[in-house]
1. Do you know which residues across segment B:129-146 are hydroxyl-bearing (Ser, Thr, Tyr) and either at pLDDT below 90 or not in a helix (DSSP H, G or I) (or both)?
2. Among the residues of segment A:193-203, is there at least one that is more than 14 Å from chain B (Cβ to nearest Cβ), farther than 30 Å from B:Ser154 by Cβ and not in a helix (DSSP H, G or I)?
3. Given (1) out of contact with any Phe, Trp or Tyr (no Cβ under 7 Å at 6 or more places or on another chain); (2) closer than 18 Å to B:Lys23 by Cβ; (3) more than 7 Å from chain A (Cβ to nearest Cβ); (4) assigned to a helix (DSSP H, G or I), where does B:Arg155 come up short, assuming only one miss?
4. Restricting to segment A:128-143, give me the number of residues that are touching a residue at least 60 places away in the same chain (Cβ under 8 Å) and surrounded by 14 or more Cβ atoms within 10 Å (Cβ to Cβ).
5. Just wondering, is there one or more residues in segment B:34-50 that are modelled with pLDDT under 85 and either more than 9 Å from chain A (Cβ to nearest Cβ) or surrounded by 14 or more Cβ atoms within 10 Å (Cβ to Cβ) (or both)?
6. Given the options A:Ile82, A:Ile55, name the one that is touching a residue at least 24 places away in the same chain (Cβ under 8 Å), in contact with a Leu (Cβ under 8 Å, 6 or more places away or on another chain) and over 27 Å from A:Glu180 (Cα atoms).
7. Go through segment A:1-25 and give me each residue that's under 21 Å from B:Ser134 (Cα atoms) and more than 7 Å from chain B (Cβ to nearest Cβ).
Amino acid sequence: MENTDIINLWKAYDKKLEENLILNRKNAEEITRLKVQSLLSSMKPMKIFVIITGILWVLFVDGIVFNFFKIASPFLIGSAIIHVLLTKLAIGIYLYQLILIYQVKINETVLATQDKLVRLKSSTLWVARFSFLQLPLWTIFYWNKSMLEHGNIWLFAIQFIFTVSFTAISIWLFFNFNYENRDKKWFRNMMSGIEWTPILKSIELYREIEEFKHEGVPQ
Amino acid sequence: MKPDLKSNEFLEVVDTYKGIIYKVANSYCTNNDDRKDLVQEIIVQLWRSFDRYEDQYKQSTWIYRISLNVAISFYRKQNRRKAISNPLSDSILSFADTSPVSETETNLALLQQFISELKELDKALMLLYLDEKSHKEISEIIGITETNVATKISRIKVLLKQKFSSR
C-alpha cells in the first residue's frame, strides 16, 4: 500500500467519524459545572507537607548539633551532621519537584510538557538513593568514648562487620538503584508493594524524548 | 464571560473537534474502559485550560497539544485518579457506526494496530502526519523545529510503507 493510499484510508476514517461520532452533551456539560483539578494538583499537598516537615526536622537536628556540639559524642554529632545534609538534599529535590508542578502547563508543546513531567517523576528515584546513604549512620551514631575504652574484641568485631556491611550496601545501592537495573530480581523485590511503574515509565519516556529531540539534528 | 456562555462556547469547541479527541484516545488506549476515562480526562483538562487559550495558535493546535499531553501522561498515573468526584457512567463520545466490515475496515484496523505499537512520541507524530497537518503546525504541537519534523516524517513514511508491505 502506498502512502497516498494510507492517507486516503485515514481520510475515509475521518469522514466516518464526522458522520457517526456523537458527543454526549449532557455528560460534557456536567464537567463544566464541577470543580476539577489539574493533572498534578493531587501531588502538591504531599510535597508541601514533606517539605515543611523536613525543614522542621532539619532545624530540630541542627539545633541539637549546635547546642550539644562540645559535650555530645563525636559519633552522634558526626552522624547527625551527615544525616541533616542528606535530608537537606532530599528536601531540595522535593522543592525542585514542587517548582516543576507549578511550571507544568498542559497546553504547552508536547515535548516541553512531557520533559517537565518525566523530570518530576524520575527525580523521585534520587530521594530513594540519598536515603540509602544514611544506612551506615544507624550503626555509628550510638558509639561513645566509654564504649571504645571498655569494649571487648567481640563488640568491636561485630560493630566493624555491621558498619562495613551497611556502608558497602548503601554505596552499592546508591550507584545501582537505577533504571538500568529495573528488571533485576533484587530491584523488583525491593519495590514490591510500591508502585514504581509510573516512575520507570517516566524514565523510559525521558530517554525517548532525548532521542526524539536529537534525531536528525547534526551533532 | 458568563458561566453559561463560556460553557456553551466550550461545548461547541469540543463538538467541532471531537474527532481529534477520539482519534488520540483510540491510539493511546486499546482498552474500552481506559479509553472512556482518557476521553473524560482530556475534556476535563481542555475545560481547565479554556480560559488560557491563546489565539496566536489555531484552536486545533491547542486541542492537539492538550489531548496528546494528557494521553501520553495517562499511563503513568499511579492510580487512575478521577479529576471529578463522580466518574461519568456513560461515555462522552460514542461511535454509532453499524456498517458491515469491509476491506477498508480491515486495513484501517491494521493501521490502528500499527499506530498503537509505536512509541509515545512517534504515535503523536503519526497521528499528525495522517491528519495531514503542515510541518509548521506539527512543529507547534510537538515542540521541535520544522526541519526536525521533515526528517521524522520521512522516517514515518518509510516505516508505514514497510509495515503494510510486510502484511
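1. Matches in segment B:129-146: B:Ser134, B:Thr145.
2. no
3. (2)
4. Count: 3.
5. No: segment B:34-50 contains no residue that is modelled with pLDDT under 85 and either more than 9 Å from chain A (Cβ to nearest Cβ) or surrounded by 14 or more Cβ atoms within 10 Å (Cβ to Cβ) (or both).
6. That would be A:Ile82, the only listed residue that is touching a residue at least 24 places away in the same chain (Cβ under 8 Å), in contact with a Leu (Cβ under 8 Å, 6 or more places away or on another chain) and over 27 Å from A:Glu180 (Cα atoms).
7. Matches in segment A:1-25: A:Glu2, A:Thr4, A:Asp5, A:Asn8, A:Lys11, A:Lys15.
Table: residues versus (1) within 14 Å of another protein chain (Cβ to nearest Cβ); (2) assigned to a helix (DSSP H, G or I); (3) not hydroxyl-bearing (Ser, Thr, Tyr).
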residue	(1), (2), (3)
A:Ile51	no, yes, yes
A:Phe75	no, yes, yes
A:Tyr96	no, yes, no
A:Ile101	yes, yes, yes
A:Lys121	yes, yes, yes
A:Phe130	no, yes, yes
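The values are calculated or read from the model by the stated rules, or taken from the named source; none is laboratory data. Every value quoted in this text rests on a predicted model; they were computed, and no experiment measured them. Neighbour counts run over all protein chains shown; Cβ positions are idealised from the backbone, glycine included.
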